[in-house]
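Novice: Sharing a structure here in structure tokens format.
The values are calculated or read from the model by the stated rules, or taken from the named source; none is laboratory data. Keep in mind it's a predicted model, so treat the numbers as computed, not measured. With ideal geometry, Cβ positions are generated from the backbone for all residues, glycine too; neighbour counts draw on all protein chains shown. In case anyone asks, the SASA skips ligands and DNA or RNA and just uses the protein heavy atoms, side chains included. Shrake-Rupley method; radii C 1.70, N 1.55, O 1.52, S 1.80 Å.
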Amino acid sequence: MERVRRKALVDAALRVIGDHGSLTVTMSDIARQAGVSPALAHHYFGSKEQLLIETIRSLLRQLRNDTVAALAAARTPRARLSAIIRVSFHADQFTPGTIAAWLAFYAEAQRSEETRRFLVIYARRLRSNLLADLKALLPADAAERIAEGAAAMIDGLYIRQSLKSAPIGIEASIALTEDYLNALLATASPSPRREKERPHRTTQGQMT
């Protein structure tokens, strides 16, 4: 029951943050949305700040789990790069609550060291997964440069999509990122057969 109620409170926090568009919500707001008393919410999490930290943890866990599953289904380094891109733009990442939570946590990271640490973990995971498969296709220096560019495109396009400022949709954002990778892979790769010559490697361990 404790596990169920804790999850209900985290889900409620996402919905309330989505409604407010910021972290300026109260424990009472979240408890009401979850259908429990504020006292019970405090019992499980101690404070609103701890509940919000658990909320960002849950977002990172979901993204990690989705990425691990997508990588497991991909057969080649290039296919795994596409899997990472597609997961980053998955429809689940664009629900109102999720969008508002990510943007609010980025703002909160300017004040909260713990929140900033979690966002750094996300950024490092994304770069690490891109870099692992790019290194299977390219020399290390080119792989690192392209990984940084691809990560920047993913994050930038996500923010533009979430703010409704991008003139393209999710699928077009995926295609744009793919075009970026294809163009740089074509110019940086010493051989178009390089991917086939590389042994299959798994990157699931990097997501833990």
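Novice: Have a look at ASP92, ASP19, ASP29 and point out the one that is of a type outside the set (Gly, Ala, Ser), closer than 30 Å to GLU144 by Cβ and out of contact with any Phe, Trp or Tyr (no Cβ under 6 Å at 6 or more places or on another chain).
Specialist: The match here is ASP92.
Novice: Okay, next question. Which residues, taken from the stretch 41-75, are of a type in the set (Ser, Thr, Tyr) and within 20 Å of HIS90 (Cβ to Cβ)?
Specialist: Correct list: THR55, SER58, THR67.
Novice: So, in the stretch 35-58, exactly how many residues are within 18 Å of SER112 (Cβ to Cβ) and open to solvent by 70 Å² or more (accessible area, probe 1.4 Å)?
Specialist: Residues meeting the conditions: 3.
Novice: Would you pick out the residues in the stretch 113-161 that are among the small types (Gly, Ala, Ser) and part of a helix (DSSP H, G or I)?
Specialist: Within the stretch 113-161, ALA123, SER128, ALA132, ALA140, ALA142, ALA143, ALA147, GLY149, ALA150, ALA151, ALA152, GLY156 qualify.
Novice: Also: Quick test for you: out of ARG32, ARG75, ARG61, pick the one residue that is under 27 Å from LEU163 (Cα atoms), open to solvent by 40 Å² or more (accessible area, probe 1.4 Å), of a type in the set (D, E, K, R) and modelled with pLDDT of 90 or more.
Specialist: Just one listed residue meets the conditions, ARG61.
Novice: Scan (1) farther than 30 Å from ILE84 by Cα; (2) under 21 Å from the mean Cα position of the chain (by Cα) for the single condition ARG57 breaks and write down its number.
Specialist: If we test ARG57 against (1) farther than 30 Å from ILE84 by Cα; (2) under 21 Å from the mean Cα position of the chain (by Cα), just (1) comes out false.
Novice: For the stretch 100-159: of the residues being β-branched (Val, Ile, Thr) and open to solvent by 50 Å² or more (accessible area, probe 1.4 Å), which is nearest to VAL25 (Cα to Cα)?
Specialist: Checking each candidate, the answer is ILE159.
Novice: What do you reckon, is ASP66 open to solvent by 40 Å² or more (accessible area, probe 1.4 Å), of a type in the set (Asp, Glu), closer than 23 Å to ALA172 by Cβ and modelled with pLDDT of 90 or more?
Specialist: Judged against the criteria, ASP66 is a match.
Novice: Here's another thing I want to ask about it. Looking at ILE168 and the list (1) within 30 Å of VAL25 (Cβ to Cβ); (2) not in a helix (DSSP H, G or I), which single condition is not satisfied?
Specialist: (1)
Novice: Which number in (1) crowded, with 17+ Cβ neighbours inside 10 Å; (2) on the phi > 0 side of the Ramachandran plot marks the one condition that SER88 misses?
Specialist: All conditions are met except number (2).
Novice: For the list (1) surrounded by fewer than 17 Cβ atoms within 10 Å (Cβ to Cβ); (2) modelled with pLDDT of 95 or more, I need the number of the one condition that ILE168 fails.
Specialist: Against the list (1) surrounded by fewer than 17 Cβ atoms within 10 Å (Cβ to Cβ); (2) modelled with pLDDT of 95 or more, ILE168 comes up short only on (2).
Novice: Go through the stretch 38-92 and count every residue that is among the basic types (Lys, Arg), within 22 Å of LEU137 (Cα to Cα) and part of a helix (DSSP H, G or I).
Specialist: 3
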